[in-house]
Amino acid sequence: MSSQEYVKYLAQRFVKYMETPKEQRTKKPKETLLYRWFGMLPLSLSMLIRRRRK
C-alpha cells in the first residue's frame, strides 16, 4: 500500500466519521470485566447464588 493510497483511505474514514450523527459516534459503555473475559458464565453464577440466598 503506497502512502498516497493510505492518505486516501484515512481521508475517506475521516469523512465517513464526520458525516455520522453525534449520537451514533459516542462510545457505548463497556461491559464489566468479568463479562468481557468470560462471557455469560459469571452473570449466570451470580444470579444463581442470589436466588439461593433468598
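The values are calculated or read from the model by the stated rules, or taken from the named source; none is laboratory data. If you're wondering where the values come from, they're calculated on a predicted model, not measured in any experiment. Don't worry about glycine lacking a Cβ; one is built from the backbone with ideal geometry, like all the others, and counts go over all protein chains shown. Just so you know, the surface numbers come from the protein's heavy atoms only, side chains and all, with ligands and any DNA or RNA stripped out. Shrake-Rupley method; radii C 1.70, N 1.55, O 1.52, S 1.80 Å.
Structure notes:
- Charged-residue dipole, Cβ positions (Lys, Arg, Asp, Glu), the chain about Cα centre, Debye nearest 20: 620 debye
- Protection proxy ranking, peptides 8-19, 38-49, average beta carbon neighbours within 10 Å, highest first: 38-49, 8-19
- Crossing angle, helix 41-53 versus the chain [Cα axis fit, 0-90 degrees, rounded to tens]: 30 degrees
- Sulfur and carbon atoms: percent of accessible area, the chain [1.4 Å]: 60 percent
- Accessible area per residue for the chain is 112 Å², calculated with a 1.4 Å probe on protein heavy atoms, without ligands, DNA or RNA.
- At full extension, R53 and A11 could sit 9.5 nm farther apart than now, given 0.36 nm per residue minus the alpha carbon distance.
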